[in-house]
Each structure stands twice: as structure tokens, then as C-alpha cells.
Amino acid sequence: MTLSTSILLAAAMFSVGVYGLLTRRHAVAILLSVELMANAANLSFVAFSHFRGGATGQLFALFALAITVAEVAVGLALVLLLYRTYGDTRTDAAKELRG
Amino acid sequence: MTVAIGFGVVAAIALLSAILVVRSPNLVHAVLWLGVTLIDTAVLYGMLGASFLAGVQVLLYVGGVVTLMVFGVMLTRRHDGLSVPAASGSPWRGALTAAVLFGVIAAAVMRSDLEHAPVAPTAGPPAVEALAASSQATTQAIGFELLSTHVLAFEVLSLLLLAAIIGAVVIARRRDHGALDQNARTEASS
Amino acid sequence: MIAALLPVIVAAPAVAALILLAIPSRYAIATRVVSMAGATVSFAGSVLAAVHYDRHVGGLQMPFDLPLIPSLGVHLSLAIDGWGVSLVLLTGVIIFAAVLASFTVQRRDKEFFIYLLVLVSGVFGVFVCQDLLIFFLFYEIAVLPMYLLIGIWGSSNVVPEAGPFRFVWKIFDVGGREYAAMKLTVMLLLGSAAILVSIFVLYQGAGATTFNLGVLGAVPYARTTQIIVFPLLWMGFGSLGGVFPFHTWSPDGHAAAPTAVSMLHAGVLMKLGAFGVIRIGMMLLPVGAAYWAPTVGAVAVVNILYGAMCAMSQKDLKYIVAYSSVSHMGVVMLGAATLNATGWNGAIFQMFAHGVMTALLFSLVGLVYERAHTRIIAKMGGFGTIMPGVATFFTLAMLSSLGLPGTAGFAAELMVFLGAWHGSHAWWTIPAILGAFVTAIYVLRASRAIFWGPGPSEHFHDLYDARGVEWAAPIVLAVAIVVFGVWPRLLLDLIDPATIEYLRDFASAIVRQP
Amino acid sequence: MSLPVGALPLEAAPIPAFVALFAPAVAALVLAAAPALRRRGAPASWVTLTASLLATAAAVTLLVTQLREGGSHVWMASWLQINGAGVGDFGVRLDGVSATMLLVVCVVATCVQVFSLGYMHDEKPPAFGRYFAYHALFLFSMNLLVLAPDLLQLFAGWELVGATSYLLIGFYYQKPSAGQAALKAFWITKLADMGFLMALMVLYKTTGTFRWDAAVTAATATTVSGLLFFAVVGKSAQFPLHIWLPDAMEGPTPVSALLHAATMVAAGVFLIVRANPLFAHAPATRDVMLLVGSGTALFAACLALVQTDIKKVLAYSTCSQLGYMVAALGAGSVFGGFFHLATHAFFKALLFLAAGSVIHAVHSNELADMGGLRRRMPVTATTFIIGAMSLAGIPGLAGFFSKDLVLASVEGRYGWVPFGALMATAFLTAFYMGRVVFLAFFGEARGHAGHAHESGGSLLVPLLVLTVPSVALGWVAAPLAHLSGATYELHLVGVVPILAASLGLGGFALAWVVYGRGTLVVSALAPLERLVATRAVNRVYEVGYRRVLLVVADVLGWIDRYLIDGLMNFLGWSAVAGGRALRRVQTGNAQDYVFAVVLGAIALAAWGLLP
């Protein structure tokens, strides 16, 4: 339970989030992965706060948590919009930006 | 010694559930596994002495976010049964990138031996200084710091949450009836 | 009043353009009157400057200084020397003729005049500006409107495709108006990029305090920087001056441009390039200039002979005149490369002579095109009987371009060749003279094919000679050709003192630094 | 303004000099500036004619003052200013040579202009006006050349004369052959003028001025005189640049009389006489001149034998006589060349004008359409015959004296080869002139000749005026020699004059036998006719122009359009192609963008890790 092991754990969780982000086609699945990554970040905040002392770490985690929640809300709204306009939540349906 | 084993177990559970979140074909399972991961993280927070945060985590994430996700999944499925196939794109590319990313971060962590770095005194007003000195950051300390040094951030945060709420409502509400007809038409044609 | 003469000359066309903005475009006559007023003021100003310029004192006169960005040392400082006077006079004559020649523009004529006048005020600015950055600013003002002028009012023409690279025509509509405008602008801006880089090097090398040409001229730059920066300036300004590898915009650009624009462009703008090479390149980097002079001369000779030969192979009249401009600009650059008084006098005089000649040629080609709606020489013939006036002026312009004594072309070419023979590399002069001979061939071949041949074919019977205001431009230019051809001292007394002074600075700079 | 020693500022020049130089210039300017006047025709001719008469009067006064005072006077102003110093002199130099030449030019020009009044009167008024405008310009250029104080002004006159010859030859520009002939004349003379320009450059480099009497080393003198001679070969139609002269006959006959007989083509010889100090120091150039001169004389005389067009015969005859003058100058006798130039100017102008009168009456140049004109056109016939005899060197006439001088100067040079050639030419000259005389004026009338009638007064007066010098100029040789500072003693008795005279008479006799009586058919001429028909020399130039020059031009034009321009287009194209390639990166799939972001993050992290 040293600082480095918890940071490694956070990193692992973050990488899994990135994997999910890159591979999942479903819009909501992507949101999940983003959730995972945010969580990993909070974990590292808390770890630092614990091993280095001082409440600042946790404070940041708190703020980050609040922001992530806001982001999920907006994300889901977008997913609904995506679903409504494209009839499907597959991300590669929305190709308008194609060069 | 028991702490190490405990940490090991919790970590294993966290990673396993994280992988299942991203790998499980059924979306609803994925959401539930996410819930497990978040709870497991809350436990970790507890072990790391951030009990207040653990509580908030469970309250907000598990309660709020997971339920929202479930709503999201339900609203966007196509009436053909609960299980929603989560098509996954090119897995190899994603896996390789994630591995490389982890490798880089791990290398960074290994190289900078975090254990022995001196404790950098956090500059802050004297009163907070005393409280911060104690190794355990109690909820009182957090609350006090929240409303003294970081009060601006706190206010801005409330503003942000307000904006997010309004934004989500504006984006997600049904436009005019036109959209409705559009759905009607798709139903008629499919 | 004299002190403010230079800003008046430079600003007059721009002010006229501003006034034009206020006039609603349906008042065609008002538009023309205002632009004519702008051109006349600057023309009268240039004549006044020539008269008031004190030849015995020489040097920079009628100074005008307005600090623009004092912290960087950027001043709008205008002053005029012997060279400036003659070139400003040239610009005055040509803008006067160009505005006259463009009275027949119908489509969006107000904007046409606005761009034309802005372009000319840029040109005036360049010839009298003594501040490097503002020199470059005026240089850009002079170059940029070309794109619009050619793009909107130009005329695309059929360029016969031949040989193995036929696919090129598919990719670009070569000969098209937009293609020509685009190519011209891109190549000139490429040049401007090179110039800008060298301006910063010069500015930095001089301690980054001022852009004044006089001060920068006195700074002994390191030998290596001079040798590296001079080609940049030479290529940069040279691309506008039609130096060999970068001349390819000139034929398409001039052929596609409307009459007044090609008159101005070939008549004056190409001189900007050559003037830039001499005034900035050679004055500020004497050691570099001395080092690169043989190359500049060699390329100039290629310009002359190659330009002349290419002109011979052209089927379109405007292309012939455009290539002849490239060839004559080669004579200017050869004069510049000689680095001696005869050569430099010849170069500046050739700028004047060629400016007037080409302007006359383009104005006449414009008249012919307006009537016959074709420029392909094979289709035309025997126009001498139906437009004797245009034919006579055309022959005069042609004789001047082949260097007939009594026309301005002769004095210029004579001095340049004398200077080149006198200079270090005398052997260039042989191909240069051969180029002058080849000029005689394609020039007269064209004039016989179009004017002095058997009678006009049936559908050209109704063509009519120039009328009324159309006479003004050719007459003004023809008189200039003959007057400065019969007695070149009128101009040389202005040019020579400036050349002596610049050569003295040039020589002293070379001596001070091995 | 540094004037050389003995030179006076231009303002101090005598009035007649100004008049001689600027009267025709003013006339030309007036006609150019007032197209309305020019288009009315006749008034234009009066303007030019008065100018020429004034110039002639001035020339006479100048000659008289020159005879009285002698010596050489120069009035000039510097034409260019370089490096503070005046360069190139513009002004008037009056000495024996220039005064004489000025008079010759003005007299012949005036006669030709009077002749043109009649000869050209059926031209439309605008063309008639344009013709006389060109004549005024020509007289100005010729006077500019004759009175030139230095080589620069001489060169200016030289090129202006070339340009006016282009304009005058191409007068009937509606006729394609006239246009081509004008171009050919201008291009070949312009080709040769490159030599003159280079001579000026060498002179300027070594002496800083363009004066021919400047001190010059032998080497420079040789190069300069060599280059000048190259220009003379072009202008005075010596072999191999002679091909433009016969084609120049496309121009109206008075023009041929003035330019291509008396004045313009003689300018080359005048240049050599004028720039004698340079040629004196260049023996090599003089030898070349001797050989080229005598060669051209013989070659041209042979060609003249078989011409059917009367003007072509006279053209080749001019070419041959110019060969005489060049040979004389090559042999070193300056006055020989100059005197022959003067006499030739008169009798050749006379021959051309008389031929013009015949052509005017018979409306054709071909000898086949003439015949028996002696009875119908007595005055023209007699003047023509006098001119022919003078040209052939019949003793007593002007041609005899000058030709005798030339032959005397060439004696014994180069193993008598040039002398032999010139003697043969003398015989051939007499023969072909006899041929023309007998074909045109004797025997029975052919074609229009049947009802030809004598020309009007305005055509005949110039003929009579020109006959006087053609006959009398020979006797005036001594004062003329004194004028140009040479010595001349009249010697009628001697091997050379006797031989020359007998050859002349023999030539005429043979011509009478062959063409007069038509008894003896000379088959020897057949191969010569075939040779002339091939126009070998012309074809060389044709090939040079069409096959070489135009082809090279097209190739270069193609290279410029495709390779150099192609390079620029390629740059543009590669920019566009590059842009199109990069566009494919934007797949529109959000995941790919995220992937790019993550890659970027990894790269930065890795870069941070670097030691």
C-alpha cells in the first residue's frame, strides 16, 4: 500500500479506460470508459493526499468528482441527441465531419 | 502486512471490474461492473484515509452516475430485448495503445522513487497549516479549507453545475414536433 | 510647397481611389474624371519634381519624414534622387496613359480604377521611399492588386498545347485568367518572402534600431552574410524583374491582364524589381553584389537571348510583347551587373525607355484586340490600311524596342552594352548583342504579319483606326520615346549624378571591407 | 563639357550646316506630326522638296566655303553624360570629304524627288504623302551620317538609313514580296550592324570616345576596322551579304535610284573613307577588303549578265561597282574609292531613273517587254546610253577616270589577281550594259514597247541634270582630290587606261554583235543562267532562317512553356496533391481523433522520460 503501488493501480485503471475509449463503438460505453479514467485520476489525487499529507489532494478529488458528474450529465444529453438524430448510438454513424 | 494483502485484493477487484466494464458485450452488464469498480474505489479511498471522499464517491458516483447510465442505456436501445450489443471496434489498436500508455506511466513512476521525496510544506494560511500538519486530513480540515482558501473554486463549481444542468436539459429536450414526426416516419418505414 | 511634393505624388492616386469609393458606380463619367484627376496630379507632380530637382547638387532632395513606429525606427521618409526622378516621371507618364487607355472598361469600372490607382500609389512610394520596411510595404501594395485586376478584368486566352506534357493542360487551365492571376501572385509573393527574410537580416545586422536606407547602407555587414543574403534579394526582387528562372509568370500574366494593367505592369512594375535589386541589393550589400555580379550578368544575358528566342516562337501578339519585356528586363539586369557608371546609367535609362515602349505596345495591342477580338497573329493581317495610325505607332514602338537610334531604346542599349563590355566579364556582351539582333527579327516579323502585309481579310474590313481619347495615350508615349531618344541628356543629367554618388559609396564600401 | 582640341560648341556651327542637317528633319517631323497634311499628298511633296532644295543650297555654300578655306572644322555637343563626363559627340564635321559627299547626296536626292513627282503621281494621296515623308526622313538620316563628327553619330545615321530603306522598300506593303524584301534588307543590314556596335564598344573601352582619329594601338585598329568592314559588307552589299540588294528592287524605282545606287549603299564606302585613320593602321583588314572587293565585283558582274529584269541588272551592277570601291580602298587609295563613289552615285542614279522612265512607259521591268525604244523615247534613250557608257568606262566620261584610278591603285597587288578580276569585270560591265542598251533601245519593239511614249517633263529634267556630272565630273578630279587632301594627276596615256578603255569598247562591241545584230548566240551564258536560277546563296540564308533560327526558337519556346513553366506548375500541383493526401487523415470517426490525442500524450510522456 505504498504511494507508487496506488499510482500504478490508478494508471492501470486509466489505461483500461483508454482501451475502452478507443475500442467501444457504443456512445454510452465510451461514457463509461471516460468515467473510469476520471475515477483513476481521483484515486491518484487521494493517494498523494494520503502519503503526502494535507487536505488539498482530497479537495481536488472532490472538485474533480463534481465536474465529472456534470460532464456525465451533459454527455448523456448528447448521447440522447445522437440517438435521436442518427437513430443509432454507434459513434461511426456520425461521419459528417469526414474530410 | 494485512494492509498489503487487503490492498492487493481490492486492487485486483478494481482492475478486474474495470476490464469487464470495457469488455463485456452486454452494455447493462458493463454499467453494473462500473458500479462495482466505483464501490471498490470508495473502499480504496477509505484505506487511504479519505473517508469523507469515500462517502461522497458512493453517494454521487454509484448512486447518481450509474443510475444515469442505466437510463442512458435504456433510452437508446432499440426495443429488441434488454441486452444491447456493444459493438467494439478494432480492439488490437486500443489494447496496444493502452498498454504502451501504462508502460510509459509505470516507467515514470518507477524512475522517480516517490517514497523518499520530502514532504513539501503546502503554503497556506497559518491556521490551516496546523491542521494540515496532522497526517490524517479530517473532514473538518477539508471543510475548513474548502471554505477558506478554495472558496472561489467552490463558488465557480456551483456555477458550473448549474450550467451543466441547463445545458443537459436544452440538449436533450425534444425539439418541435418535427422530430417526433421524423421518429414516426422512421417507425413507419422500418 | 516643394517639400510636400513627394507625399502629394504618392498620395494623389490613393486619395483619388478614396474619393472613388464615395462615388456610386453608376456615374461612369465622374469615376473617370476623378481617376484622371488623380493620375494627372501625380503626373504633373512628377514633372514638377523633375524640374525642381537641382541637378548640380544631386543627392537626396525634397525630404519628407513622418515617424510611424519610432520604437522600431520605422519612418515614412520620402526623398528623391536622380534615379527616383526619372522613374517617377516614367510612372507618371504611364499611369496617365494607362488611365486614358482604360476608359473603355465597362464591367465594374469603379473598382477597376480603385485598384489601378492604389497600385500606382504603391509604385510611386517605392521609387521615393528611403525606409526599408516602408519600401517593402509600398512594394506589396504595388504587387497585390494585380491579382484582382487580372483575375476579374483579365481575358483568358487559348494557349496551344504541344509536346509530351499535354497532361499539364488538364490539371491547370493554362492560359486561363485565374491561372495567370494566381501564378503571377504566388510567384511574386514567393519573391516577397525572400525579400522579407533579407530585410530582417539587414535590420538585425544594423543593430535593430532603424530601417533608414542611408544608415543601413553604411553598415559594414559581414562578408558571409552579404554573400548569402544578396541572392535572396536578387531572386526576390528579380522575380518581379523577370529574372530568368522566375520569369514564367510574365507571359501568362501580361497576356491575361487587361490593357491598362499590362501597360502598368510591364511598363513600371517590372522596373520595381530591377530597381529593388540595385537600390536595396547592391547598395546595402556591396560585397555580396560584387561577389555575385558575374552570375547576375550571366543570367541577365540568358534573359535577353532566351527571352528573345521565346518571343520568336509565340503565336499570340501579347505573348510576344510579354516575352520581349522579359528580354528587355535582361538588358536592365545586365546593366546593373556591370557595376560601373556606364552600365548603371544604361540600366536606369533602359528602365525608362523600355517602360515607355512596352506601355505604348500594350496600349496598341489593347486597341487592336478591342477591334479584332483576337490576338493570334496568323488570323490578323493587313491592318495597316484600315488603321494607319495604330500601325505607325506600332512600328515606332517596334523600332524603338530593336534599338533604332533616335528612339529611347538605342541610347539605353548602347550604354548597357558599352558598360558590359567595359565590365569584368566582357564576353557576355556578344550573346546580348545577338539577343538584340534576334529582337529585330521577331519584332518586325510580327509588325509585318499584322500591319504591313497583304490586305485585311474580309471580316476585318469594318475595323476602324483609333479615335478621340484613344489617341492620347499613344501620342504621349510616342513623344516620350522620340524626345528621350533624340536627346537622352534630358534624362541622363538627372541619372548620372545619382549614379556617381551611389558608385562612390559602393566603391568605398568594397574598399573598407575586402 | 570637354571638347577635343579644335572642336567648337555646336551653337557656333555655320547656319548652312544647321540647314543641311535639320531642314529635312523638320520636314519629316512636320509630316509625321500632321497626318492631315501628309494624307493630302501633293502638299507633303512640296514640304519635302523645299527641304531638299534648302539642303542642297546649303551643301553648295558649304562646299564653296570648304573650297575657299579648306581644313577640317568640328562643332559638337556631347550626346550622353556618363560619370560626369560627356560621351559621344553630336554635331557637324566639315571637311573636304563630308562637304563633297553632302553635295552628292543632296543633288541626287533632289533629282530623285523631282523624278518621283512624276513617277509616283498615280499613287493615292495618303501613300504619296507617306512616300515623301519617308524621303525627308531618309535625307535627314543620310546627312546625319555624312556630317557625323564621330562614329557614334555615324552609326546613328547608319541605322536610321537602314530603317528608312526598310520603310521605302516595303512601300508597296500590299505586295507580299515587297514586305519580305524589306524585311530581308533590314535583317541582313542589322546583322552586319552588330559588327559596327561591337566596334563602337571596343573603341569606347580602349579610348573612352568614339572618334576615329583617337590614338589607337595597331591591334585595336585591326579589330575595330575589321568589325567596321563587317558592317560595310552588310550595308554595301558585298559578298556574302549582298543577297538583299537585288530583292530591294521591289521598292519604287526612284527609291532604288536614291538608296540602292547612290547614297545608302555607298554609306559603307563613305564610312571607310571617313574612318581612314583606323583603316590606315590595319593592313590586314585592307587586304581582306581588296580580296572581298574584287571578288564581289567579278561575281556580281557575272550575275548581272543573265538578269532579265532591267532593275536587277543595275542592282548587280551597283554591287559590282561597290566591289570596285572597296577594292580601291583595300589597295590603299582612299581618293580612288571616294572618287569612284561620287561618279558612280551620279551615273548609276541616272541609269536607274532612266530605267524608271522606261518602266513607267512600258509598265514592266522585263527586258523582253522592251525594244526599239530609241525612236519613241529619245531623251530617255540618250541619257541611258550616256550613263551606260560612263559606267562602262568609255574614255572621256566620268566613269573612265574614276575606274582608271581604281585600277591603277590595284596594280601589282597580290600577284595581279585582283587586278585581273577588276579588268575582267570592266569588260563584263561593258558587255551587260551593252546588252541592256541593245535589248531595250534597239531592235524591234516587243509588248507595250510598241506604243510607249516619252515621259513627261518632271521625269526628264532630273535625267538631264544628272547627265551633266556623269559626263563632266571626270574632268573635275583634280580640285576634288585637293578637297579631300589627296593628289591626283591626270594621265590618259599608260598601259592601264588604254587597256581599260579598249576592254570597255570591246565589251560594247561584243554586246552589239550578240544582241544588236543578233547574229552570234552566246551559249556560254546558259550554265550561268542555270546557276543563277538555283539562287544558291539565297537558299543558304533561307535554310539558316527557317530551319535553324525558327526551329531553335520553337524548341526554346516549348522548353520555356513546359520545363521552366512546368516546374512552377509542378510546384503548384504538388502543393495541391499534398493537401489532398492529408485530407484523407480526417476520417470523420471520433475514435480516430481520440486515438491521435492519446498517441500525442504518449509521445509527450515518453519525451519527458528521455534522460
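The single condition from (1) away from chain C (no Cβ under 11 Å); (2) at pLDDT below 90; (3) within 30 Å of C:GLY409 (Cα to Cα) that D:GLU123 fails is (3). Restricting attention to the range D:205-232 and to residues that are over 25 Å from the mean Cα position of the chain (by Cα) and in a helix (DSSP H, G or I), the residue that is farthest from the other protein chains (Cβ to nearest Cβ) turns out to be D:ALA218. Restricted to helices (runs of 4 or more DSSP H) entirely inside the range D:511-611, those with at least 1 residues that are within 14 Å of chain C (Cβ to nearest Cβ) and under 42 Å from the mean Cα position of the chain (by Cα) are D:536-543, D:551-559. The single condition among (1) within 11 Å of chain C (Cβ to nearest Cβ); (2) over 19 Å from D:GLY337 (Cβ atoms); (3) not in a loop (DSSP other than H, G, I, E, B) that D:ALA192 does not meet is (2).
A quick yes/no check of all residues on (1) surrounded by fewer than 21 Cβ atoms within 10 Å (Cβ to Cβ); (2) not hydroxyl-bearing (Ser, Thr, Tyr):
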| residue | (1), (2) |
| --- | --- |
| C:LEU48 | yes, yes |
| C:HIS52 | yes, yes |
| C:HIS56 | yes, yes |
| C:GLY59 | yes, yes |
| C:PRO63 | yes, yes |
| C:LEU68 | yes, yes |
| C:SER86 | no, no |
| C:LEU89 | no, yes |
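Scan the range B:1-30 for residues that are more than 7 Å from every other protein chain (Cβ to nearest Cβ), in a helix (DSSP H, G or I) and more than 16 Å from A:ALA10 (Cβ to Cβ) and the total you get is 8. Restricted to the range D:311-396, the set of helices (runs of 4 or more DSSP H) holding at least 3 residues that are surrounded by 24 or more Cβ atoms within 10 Å (Cβ to Cβ) and modelled with pLDDT under 85 is empty.
Looking at C:VAL332, C:VAL356, C:VAL299, which is the one that is surrounded by fewer than 24 Cβ atoms within 10 Å (Cβ to Cβ), within 30 Å of C:LEU503 (Cβ to Cβ) and at pLDDT 90 or above? Show your work before the answer.
Values: C:VAL332 fails: surrounded by fewer than 24 Cβ atoms within 10 Å (Cβ to Cβ); C:VAL356 fails: surrounded by fewer than 24 Cβ atoms within 10 Å (Cβ to Cβ).
Every option except C:VAL299 fails the conditions.
For the range C:182-203, the criterion of being within 21 Å of C:LEU285 (Cα to Cα), away from every other protein chain (no Cβ under 14 Å) and not in a helix (DSSP H, G or I) is satisfied by no residue at all.
The numbered conditions (1) within 7 Å of chain B (Cβ to nearest Cβ); (2) without any contact (Cβ under 8 Å) to a residue 24 or more places away in the chain; (3) of a type in the set (Gly, Ala, Ser) are all true for A:ALA47 except (2). Among the residues of the range D:141-148, is any of a type outside the set (Phe, Trp, Tyr), assigned to a loop (DSSP other than H, G, I, E, B) and under 21 Å from the mean Cα position of the chain (by Cα)? Checked against the condition, which is being of a type outside the set (Phe, Trp, Tyr), assigned to a loop (DSSP other than H, G, I, E, B) and under 21 Å from the mean Cα position of the chain (by Cα), the range D:141-148 yields at least one hit. Scanning the range D:66-79 for residues that are surrounded by fewer than 16 Cβ atoms within 10 Å (Cβ to Cβ), in a helix (DSSP H, G or I) and touching a helix residue (DSSP H, G or I) at 6+ places or on another chain (Cβ under 9 Å) yields a count of 1.
Okay, residues lined up against (1) facing chain B (nearest Cβ under 7 Å); (2) farther than 17 Å from D:ALA596 by Cα; (3) buried (at least 24 other Cβ atoms within 10 Å of the Cβ):
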site	(1), (2), (3)
A:ALA12	yes, yes, no
A:GLY20	yes, no, yes
A:THR23	yes, no, yes
A:VAL34	no, no, no
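Before we move on, is D:SER402 of a type in the set (S, T, N, Q), under 27 Å from D:VAL476 (Cβ atoms) and in contact (Cβ under 8 Å) with a residue 40 or more places away in the chain? The answer is yes for D:SER402.
Looking at this structure, is C:GLY366 modelled with pLDDT under 90 and touching a helix residue (DSSP H, G or I) at 6+ places or on another chain (Cβ under 6 Å)? Steps first, answer last, please.
On the way: modelled with pLDDT under 90: yes; touching a helix residue (DSSP H, G or I) at 6+ places or on another chain (Cβ under 6 Å): yes.
Answer is yes for this residue.
Does the range D:237-255 include one or more residues that are hydrophobic (A, V, I, L, M, F, W, C) and without any contact (Cβ under 8 Å) to a residue 40 or more places away in the chain? No, there is no match, as no residue in the range D:237-255 is hydrophobic (A, V, I, L, M, F, W, C) and without any contact (Cβ under 8 Å) to a residue 40 or more places away in the chain. Apart from one condition, C:ALA311 fits all of (1) modelled with pLDDT of 90 or more; (2) farther than 17 Å from C:GLY403 by Cα; (3) small (Gly, Ala, Ser); (4) touching a Ser or Thr at 6+ places or on another chain (Cβ under 9 Å); the exception is (2).
Could you grab me the full set of residues in the range C:404-425 that are within 8 Å of another protein chain (Cβ to nearest Cβ) and closer than 26 Å to C:LEU339 by Cβ? Break it down stepwise before answering.
So the first thing to find is which residues in the range C:404-425 are within 8 Å of another protein chain (Cβ to nearest Cβ), and the list is C:404-406, C:410-411, C:414-415, C:417-418, C:421-422.
Scanning the range C:404-425 gives C:PHE410, C:ALA411, C:LEU414, C:MET415, C:PHE417, C:LEU418, C:TRP421, C:HIS422.
Counting only residues that are of a type outside the set (Gly, Ala, Ser), touching a residue at least 12 places away in the same chain (Cβ under 8 Å) and surrounded by fewer than 22 Cβ atoms within 10 Å (Cβ to Cβ), how many does the range C:203-212 have? Step through it out loud before you land on a result.
Our first condition is that a residue be of a type outside the set (Gly, Ala, Ser); within the range C:203-212, this holds for C:203-204, C:209-212.
Okay, now just the ones that are also touching a residue at least 12 places away in the same chain (Cβ under 8 Å), so C:203, C:209-212.
When the remaining residues are screened for being surrounded by fewer than 22 Cβ atoms within 10 Å (Cβ to Cβ), the result is C:203, C:209-210, C:212.
So the answer is 4.
Can you tell me which residue is nearest to the other protein chains (Cβ to nearest Cβ) among those in the range A:60-99 that are hydrophobic (A, V, I, L, M, F, W, C) and in a loop (DSSP other than H, G, I, E, B)?
Top of the filtered list is A:LEU97.
When C:GLY389, C:GLY453, C:GLY403 are screened for being under 26 Å from C:ILE94 (Cα atoms), outside any helix (DSSP H, G or I) and either touching a residue at least 12 places away in the same chain (Cβ under 8 Å) or among the hydroxyl-bearing types (Ser, Thr, Tyr) (or both), only C:GLY403 passes.
Let me confirm something: among D:ALA13, D:ALA25, which residue is surrounded by 15 or more Cβ atoms within 10 Å (Cβ to Cβ), touching a residue at least 12 places away in the same chain (Cβ under 8 Å) and under 26 Å from the mean Cα position of the chain (by Cα)?
Exactly one residue qualifies, and that residue is D:ALA25.
Table: residues versus (1) touching a strand residue (DSSP E or B) at 6+ places or on another chain (Cβ under 8 Å); (2) under 18 Å from C:ALA142 (Cβ atoms); (3) polar (S, T, N, Q); (4) touching a residue at least 60 places away in the same chain (Cβ under 8 Å).
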| site | (1), (2), (3), (4) |
| --- | --- |
| C:LEU233 | no, yes, no, no |
| C:SER239 | no, yes, yes, no |
| C:SER250 | no, yes, yes, yes |
| C:ARG279 | no, yes, no, yes |
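Here C:TRP421 fits the description: crowded, with 24+ Cβ neighbours inside 10 Å and without any contact (Cβ under 8 Å) to a residue 40 or more places away in the chain. Based on this model, can you work out whether C:ARG467 counts as away from every other protein chain (no Cβ under 13 Å), charged (D, E, K, R) and surrounded by fewer than 16 Cβ atoms within 10 Å (Cβ to Cβ)? Yes, satisfied.
Residues in the range C:363-385 that are within 12 Å of chain D (Cβ to nearest Cβ) and part of a helix (DSSP H, G or I): C:PHE383, C:GLY384, C:THR385. Restricting attention to the range D:449-476, the residues that are modelled with pLDDT of 80 or more and either closer than 26 Å to D:LEU63 by Cβ or in contact with an Asp or Glu (Cβ under 9 Å, 6 or more places away or on another chain) (or both) total 17.
The values are calculated or read from the model by the stated rules, or taken from the named source; none is laboratory data. Just so it is clear, the structure is predicted and the values come from calculations on it, not from any experiment. Glycine gets a Cβ as well: all are built from the backbone with ideal geometry, and neighbour counts include every protein chain shown.
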